[in-house]
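Worksheet for the structure shown next.
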Amino acid sequence: MTDRLRKAWTELVQPLLRRPKRLQVGALCYTQKGAEKKVLLVTSRDTGRWIIPKGWPIKGKDAAGAALQEAWEEAGVKKGRVTGASLGSYAYDKELDSGLPVPVETLVFPIEVRKLADEFPESDERRRKWVSPEKAANMVREPELKELLLQL
C-alpha cells in the first residue's frame, strides 16, 4: 500500500500543488516634476487594499499595451505612455470567482501619466491616490512590489 500512496502523492497531489503561475500585467503609473516623482495607486475592488492597476493579458495587445489598457480601466489614465521595458515582476495569490487561489506573476511596466479622466470604466469601484514611491511601498502588501516602487 505504501507504493500506491507514494505514487498517488508524486503523480497526482504534488502536480496539483505546484500549479504554474498565471501571468498578469501591471502598470506602475507615475508623474514627475523636476526630481519629484509620484506614483498612482488604486484600491482593489474586493478588499480595498492599495495596489497598482493590473490585469490579464489582452488578445491583440502586447504586455505593455495591456498594462496601459489596465491603467485606463482601473485608474483613469487618459493620456499616458509606456516609458520602458518591464521593471520586473511580483508574485501574489489571486482568489478567483470560484474562491480558489491561483499563483500569479505580474509583469510591471512604467507608465508616465500625462492626463487623468474623472470618469473611467471602474471609477465607481475604486479610489486612487498620488503618493511618493516611498509612501506607496509602505501602502502595498506584496514585498516584491514594494521593492519595485522603491527602485523607481
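The values are calculated or read from the model by the stated rules, or taken from the named source; none is laboratory data. The structure presented is a predicted model; accordingly, all values stated were derived computationally and were not measured. With ideal geometry, Cβ positions are generated from the backbone for all residues, glycine too; neighbour counts draw on all protein chains shown.
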Practice task
Please work out which residue is modelled with the lowest pLDDT, limiting yourself to the range 20-54 and to residues that are loosely packed, with under 11 Cβ neighbours inside 10 Å and in contact with a strand residue (DSSP E or B) (Cβ under 9 Å, 6 or more places away or on another chain).
Solution key: Pro20
Practice task
Keeping to the range 115-152, report how many residues are crowded, with 17+ Cβ neighbours inside 10 Å and among the aromatic types (Phe, Trp, Tyr).
Solution key: 1
Exercise for the section: For the range 107-129, enumerate the residues that are closer than 19 Å to Gly48 by Cβ and touching a Ser or Thr at 6+ places or on another chain (Cβ under 7 Å). Expected result: Arg126, Arg127
Handout entry: Residue in the range 95-114 that is in a loop (DSSP other than H, G, I, E, B), polar (S, T, N, Q), modelled with pLDDT of 95 or more and surrounded by 12 or more Cβ atoms within 10 Å (Cβ to Cβ) present
Key = no
Exercise for the section: Say whether the condition of being buried (at least 20 other Cβ atoms within 10 Å of the Cβ) and either assigned to a loop (DSSP other than H, G, I, E, B) or among the acidic types (Asp, Glu) (or both) is met by at least one residue in the range 73-81. Expected result: yes
Practice task
Report the residue count in the range 82-94 for those that are part of a strand (DSSP E or B) and in contact (Cβ under 8 Å) with a residue 40 or more places away in the chain.
Solution key: 6
Exercise for the section: Go through the range 121-152 and count every residue that is part of a loop (DSSP other than H, G, I, E, B) and charged (D, E, K, R). Expected result: 7
